[in-house]
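The values are calculated or read from the model by the stated rules, or taken from the named source; none is laboratory data. Fair warning: this is a prediction, and the values are worked out from it, not measured in the lab. Methodologically, a virtual Cβ is constructed for each residue, glycine included, from the backbone with ideal geometry; neighbour enumeration extends over all protein chains shown. With ligands, DNA and RNA removed, areas are computed over all heavy atoms of the protein, side chains included. Shrake-Rupley method; radii C 1.70, N 1.55, O 1.52, S 1.80 Å.
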Amino acid sequence: MKSRNLILAAAGLGLALTGIAPVVASAETSGDVSVQATHRKSAACTSPSGQKINISWGDGSVTTTVYYNNHCNQARAIELEFVRESGERFNKCFVAPAKTKSSKKIDNGNPNKVSILSRSTCP
């Protein structure tokens with residue numbers, strides 16, 4: 001691992017000396033190469049008291065992956081609203097099972113609205 005860092009540093013130095021910015025080296029050191037925003041939401045559980053379902057998703061242009069961690073004793077539906085170029089709105093919905101941590105990939109990108117429903121079924 002140390003030799004890889006040394007090679008990247010040497011490559012960055014070589015690029016800097018030739019007048020080319022060391023983009024690879026700066027991306028390696030910062031650890032932030034994504035330009036997509038990450039959004040988060042949570043909702044309280046009916047039971048157990050004090051627990052939540054937590055979700056997060058990014059602004060994907062082709063697909064949206066929703067990551068969820070449901071600490072509740074009941075399943076919860078997660079609904080995403082999308083808007084087509086024509087202005088038409090449509091929804092995609094899936095159920096996060098009780099006591100489950102996972103993700104769901106939706107074949108549409110950049111949702112307009114994301115909701116955690118209080119029920120355990122999709123409309």
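Taking all protein chains together and a 1.4 Å probe, the residues S115, S102 rank S102, S115 from largest to smallest accessible area.
Counting only protein heavy atoms and using a 1.4 Å probe, the accessible area of K113 comes to about 110 Å².
With all protein chains in place and ligands, DNA and RNA left out, the 1.4 Å accessible area ranks L80, L117 as L117, L80, largest first. The S115 and E85 beta-carbon pair, evaluated with R₀ = 22 Å, returns a calculated FRET efficiency of approximately 0.45. Within a straight-line Cα-Cα reach of under 26 Å, K52 can be paired with the following lysines, leaving aside sequence neighbours fewer than 8 residues apart in one chain: K41, K92, K99, K101, K104, K105, K113.
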